[in-house]
1. Has the stretch B:269-290 got any residue that is in contact (Cβ under 8 Å) with a residue 40 or more places away in the chain and either surrounded by fewer than 15 Cβ atoms within 10 Å (Cβ to Cβ) or within 12 Å of chain A (Cβ to nearest Cβ) (or both)?
2. Any chance you could count how many residues in the stretch A:1-25 are out of contact with any strand residue (DSSP E or B) (no Cβ under 7 Å at 6 or more places or on another chain) and either more than 7 Å from chain B (Cβ to nearest Cβ) or of a type in the set (S, T, N, Q) (or both)?
3. List the number of the failed condition for A:F48; all other conditions in (1) buried (at least 17 other Cβ atoms within 10 Å of the Cβ); (2) under 24 Å from B:D256 (Cα atoms) hold.
4. Given (1) at pLDDT 90 or above; (2) surrounded by 15 or more Cβ atoms within 10 Å (Cβ to Cβ), identify the lone condition not met by A:V79.
5. Of (1) away from every other protein chain (no Cβ under 14 Å); (2) under 26 Å from the mean Cα position of the chain (by Cα), B:K257 satisfies all except one. Which?
6. List the residue pairs whose Cβ atoms are under 6 Å apart, where the first residue sits in the stretch B:203-221 and is within 14 Å of chain A (Cβ to nearest Cβ) and in contact (Cβ under 8 Å) with a residue 60 or more places away in the chain, the second is part of a helix (DSSP H, G or I) and of a type outside the set (A, V, I, L, M), and the two are 6 or more positions apart or on different chains.
7. Can you give me the number of residues within the stretch B:108-153 that are within 14 Å of another protein chain (Cβ to nearest Cβ) and assigned to a loop (DSSP other than H, G, I, E, B)?
8. Those residues that are over 22 Å from B:V328 (Cβ atoms), assigned to a loop (DSSP other than H, G, I, E, B) and under 35 Å from the mean Cα position of the chain (by Cα), I need them from the stretch B:154-193; list them, please.
Amino acid sequence: MHEMSLAEGVLQLIEDSAKTQNFSRVRTVWLEIGQLAGVEVEAMKFCFDAVVNDSIAQGAELVIIETPGQAWCLHCAEVVNVKALYDACPQCGSHQVQVTGGNEMRVKELDVE
Amino acid sequence: MCNVCGCGAGETTIDGKAVEHGHGGHFHVHADGTAHDHDHSHNHAHDHEHAEAKHMHYHLHEDGSSHEHVHDHLHGHDHQHSHDHDHSHTHGTTHYGLGPAGAHAPGMSQSRMVKIEQDILSKNDSYANDNRSYLAEHGIFALNLVSSPGSGKTTLLVKTIEALNNGMKLAVIEGDQQTDNDAARIRATGAPALQINTGKGCHLDAFMVGKAMTQLALNDDSLLLIENVGNLVCPASFDLGEAHKVAILSVTEGEDKPLKYPDMFRAADLMLLNKCDLLPYLTFDAELAVANARRVNPDIQVIRTSATSGEGMNEWLDWIKAGCSKAVSRKSIDGR
């Protein structure tokens, strides 16, 4: 359940920016979660709701933008799409692939008042 | 495509209603080179019928000639605009789509959008960076040992410490949800050990480790072994500031563990295939386990070990010693 820690991290970022940006309520939170980030979206939503209780983000809607997994295939020398960390290159079947995208976990923006 | 009204695609709606704009004085240059200037009010769901007339058309043709005409018409034309140009709108449209979100939800004001763009783990990562620079300044080589519960981490650690104890300064941070049994086992070897109980937590984080490092009063040019909570999932995401994560997989587990828990084996630089003395009694395919680990992480190094028979221990100890000397020499280079 490291989604719980991640949700706490999200709340921490929100509370930090509430101080610098002067807002007292958060209505929507946009997260960018890569397909390869090892984050279960449903668990994240569940944990987020639990964590933000009694905070400035209580009841806030969580919008998760999922970004596709991408990797650099050494054989093909190009960027290919992968769905999991252990995926082979969909073109040549090689496992000599370096993940280049889709492992991000970011708070993108907030709708606040 | 025009990203206010979606003209060219004709599918943007708000609450099911097509968006209508009054366009005035449009000058379009199309991909095919034609250009026209028109003044009209229209609903940009193309395939449109102009009920209203009086168009001022300015055409620039491919052959270079151009003409200008005013005509009255009532027509239904198949208007195939390939609107992939950047046109700047100067008419009075509030463009929500150009805001930070690149989109807009009904009832939300753009002015109250706060851009964050920060990694969720940025707090942990900043603590990890503090730890890492402290370790670098003091020439300390830190390893984060991760595995599932029962892979033989602590036993391997005890044997490792016993082998290194004469001549190398080292300290151990033990992570478990409850009890200080593991720290007690380490302390029995004479090495200083600190137990972190994470309570309900499933992993160590960089803040906990930073605090433990201060309490342990680490020696310069020493080895720090961090035994993470037995868990192949969460510790993968939390950087502690260590030089390497070392994943321990025992042969009493499945060969497919690296595929089942790919994040961890991807995050690790070294895999210890442990309890190898038991291989004759098991159907475990060691080659397959290594191949699976390499599928997830082509660069992972593998050492086959057994704390019981001592197999692979020298290779593992040499690997640690090499890391320690590197940390020490880096310190003297950076310190100059």
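The values are calculated or read from the model by the stated rules, or taken from the named source; none is laboratory data. All values reported here derive from a predicted model rather than from experimental measurement. FYI the Cβ positions are ideal-geometry reconstructions off the backbone, even for glycines, and counts take in every protein chain you see.
1. No: zero hits.
2. Selection size over the stretch A:1-25: 14.
3. It fails just one condition, (2).
4. (2)
5. Result: B:K257 passes all but (1).
6. Listed pairs, sorted by first residue: B:D205/B:N124; B:A206/B:N124; B:A206/B:Y127; B:A206/B:N131; B:F207/B:Y127.
7. 4
8. B:Q177, B:Q178, B:T179, B:D180
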